[in-house]
Amino acid sequence: MAAMITFDFQNSFIFILFFLFSLLCYSLFFRKPKGSRAGRDLPPSPPSFPVIGHLHLLLSALVHKSFQNISSKYGPLLHLRVFHIPIVLASSASVAYEIFKAQDVNVSSRGHAPVGESLWFGSSSFFFAPYGDYFKFMRKLIATKLLGPQALERSRKIRADELDRFYKTLLDKAMKKESVEIGEEAAKLNNNIICKMIMGRSCSEENGEAEKFRHLVIESMALTKQIFFGMIFHKPLKKLGISLFQKDILSLSRKFDELLEKILFEHEEKKAEHNQANDMMDFLLEAYGDENAEYKITRNHIKSLFVDLVIAGTDTSVQATQWTMGELINNPKILQRLREEIESVVGNTRLIQENDLPNLPYLQAVVKEGLRLHPPGSISVRMFQERCELKGFYIPEKTLLVVNTYAIMRDPNFWEDPEEFKPERFIASSRSEQEDEVREEVLKYIPFSAGRRGCPGSNLAYISLGIVIGVMVQCFDWRIEGEKVNMNEAAETTALSMAQPLKCTPVSRTKNPLPSSLHIPSS
């Protein structure tokens, strides 16, 4: 039995290449995809090398840009091969529309979890769950108890309280003339909101619990690029006894498990005393203990769901906040227009709050434009469970699907000046303009993916980003070193993050602190 080997793919590519060359047999690499049919054409494919296929085209530090370069040269629907793994690359709104219109159920699974026993990207993860009873049960629970309209209304005061804390932290920094790392403060804000919404309390700052969680979220996102490659190489390397990043992923999982077991125990004790469910964690524990539950979940299911929600809800908002503020600072005219809108609607006697958002169309447009240019998930990975036909081409079963959301939302065929930050594009000049939009263009804007597997937290994301950006623009001017914010992308992950974290100094625009609101309706 071959020894298990763990290594960093990016830093050890040459080693992997020669190792696979020497050990993988011809039949492993060159057999035809299972279920292929003679006379049926696969989608177009760029020139490839023997054995490695198109791997050489994907070795850029920025994977989404590698895919974008391939599609701009060879077309919006392509068939790629990395060793023996077939991949369909979709890079336009029209192709995405065809996929999600006709094949949504077929592509509603993500394939094999890279490390089955891990809480993060493991077999108990909601993120990796196949489209079936467990996925439907959890998604329904998430919608009714956490992220649906009624659940969001119930948790509104949580977000208002945390926004007030965020504002006071920035105000304190402004009074002391200290610089702020925007991502760090946004992480604290979003982590507290998500934790309070899930388990009724934020992670404790005093005993280091909150810091541990934030550090684990950062570690998790740093592994996402490696995990993406792990999905591609899962089967062939498993046959050789090689496990990509297993040690790192399992180490991270154990750290999460240690923290979450303590939280679960605390909830079980509290529930035994009060015997009623108050937050989502209580409802999960109820389902865990109910022999007649719609779906019998395990303790690991609860922990994995918590990890999925905290990571997805924290990091995506953190990155989106940084990118959007960076764009606003670099575009002072847009910043001024946004500030004027907020002042005309909210005034200068209180902080912006959630029920102001429907009356702030330009703020909504700014948030959408930030997500268009810098989507939190630059690519979306699914798997065709069954063979099918797509735009006249044959797609074999178990083909990996990569939807390049980054490329779709910068497609010059659908977006005027796609590389420029122009919030005005999201303010329709007339109702008829929206109604006349070509159906195939519906999916030209998909920052949270699409279909049954689209992000269930998109509504919360729009709310959170709206009020955070609103407070930062309403209450402060921002000083940076140099003339412009560096908008280069970091290369470590498939999630879009800044190469240099946004750091600037807030300058208060008011003499006295603003109250969080004149009146917050009870939830």
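The values are calculated or read from the model by the stated rules, or taken from the named source; none is laboratory data. These numbers come from a predicted model, not from an experiment. Heads up, the Cβs are rebuilt from the backbone with ideal geometry, glycines too, and the neighbour counts pull from every protein chain shown.
Residues in the range 330-341 that are surrounded by fewer than 22 Cβ atoms within 10 Å (Cβ to Cβ) and either part of a helix (DSSP H, G or I) or without any contact (Cβ under 8 Å) to a residue 12 or more places away in the chain (or both): ASN330, PRO332, LYS333, ILE334, LEU335, GLN336, ARG337, ARG339, GLU340, GLU341. Applying the set (1) at pLDDT 95 or above; (2) in a helix (DSSP H, G or I); (3) under 20 Å from the mean Cα position of the chain (by Cα); (4) not charged (D, E, K, R) to PHE166 leaves exactly one unmet item: (3).
Checking every residue in the range 157-170 against the condition of being touching a residue at least 40 places away in the same chain (Cβ under 8 Å), of a type outside the set (D, E, K, R), in contact with a Phe, Trp or Tyr (Cβ under 8 Å, 6 or more places away or on another chain) and surrounded by 17 or more Cβ atoms within 10 Å (Cβ to Cβ) gives at least one match.
Against the test of being of a type in the set (Gly, Ala, Ser), surrounded by fewer than 21 Cβ atoms within 10 Å (Cβ to Cβ) and either in contact (Cβ under 8 Å) with a residue 60 or more places away in the chain or not in a loop (DSSP other than H, G, I, E, B) (or both), the options SER66, SER60 yield a single qualifying residue, SER66. With respect to the conditions (1) part of a helix (DSSP H, G or I); (2) closer than 30 Å to LYS503 by Cβ, ASN355 falls short on a single one, namely (2). Return a yes/no flag: does the range 137-146 have any residue that is in a helix (DSSP H, G or I), over 30 Å from GLU261 (Cβ atoms) and modelled with pLDDT of 90 or more. There is no residue in the range 137-146 that is in a helix (DSSP H, G or I), over 30 Å from GLU261 (Cβ atoms) and modelled with pLDDT of 90 or more. Looking at (1) buried (at least 19 other Cβ atoms within 10 Å of the Cβ); (2) among the β-branched types (Val, Ile, Thr); (3) more than 22 Å from ARG110 (Cβ to Cβ), which is the only condition ILE395 fails? Single failed check for ILE395: (3). Checking every residue in the range 90-107 against the condition of being at pLDDT below 90 and in contact with a strand residue (DSSP E or B) (Cβ under 8 Å, 6 or more places away or on another chain) gives zero matches.
Taking the range 363-407 and the strands (runs of 3 or more DSSP E) fully enclosed by it, the elements with 1 or more residues that are among the acidic types (Asp, Glu) and over 30 Å from GLU341 (Cβ atoms) are at 388-390.
Scanning the range 98-128 for residues that are buried (at least 23 other Cβ atoms within 10 Å of the Cβ) and more than 20 Å from the chain's Cα centre (by Cα) yields one hit, ILE99.
Go through the range 84-97 and give me each residue that's in a loop (DSSP other than H, G, I, E, B) and buried (at least 20 other Cβ atoms within 10 Å of the Cβ). Answer for the range 84-97, where residues must be in a loop (DSSP other than H, G, I, E, B) and buried (at least 20 other Cβ atoms within 10 Å of the Cβ): SER91, SER92. Would the range 71-88 turn up any residue that is on the phi > 0 side of the Ramachandran plot, touching a helix residue (DSSP H, G or I) at 6+ places or on another chain (Cβ under 8 Å) and hydrophobic (A, V, I, L, M, F, W, C)? Within the range 71-88 (the criterion being on the phi > 0 side of the Ramachandran plot, touching a helix residue (DSSP H, G or I) at 6+ places or on another chain (Cβ under 8 Å) and hydrophobic (A, V, I, L, M, F, W, C)), the answer is yes, since at least one residue qualifies. Could you list, in sequence order, the residues of the range 98-128 that are assigned to a loop (DSSP other than H, G, I, E, B) and without any contact (Cβ under 8 Å) to a residue 12 or more places away in the chain? Scanning the range 98-128 gives GLY116, SER123.
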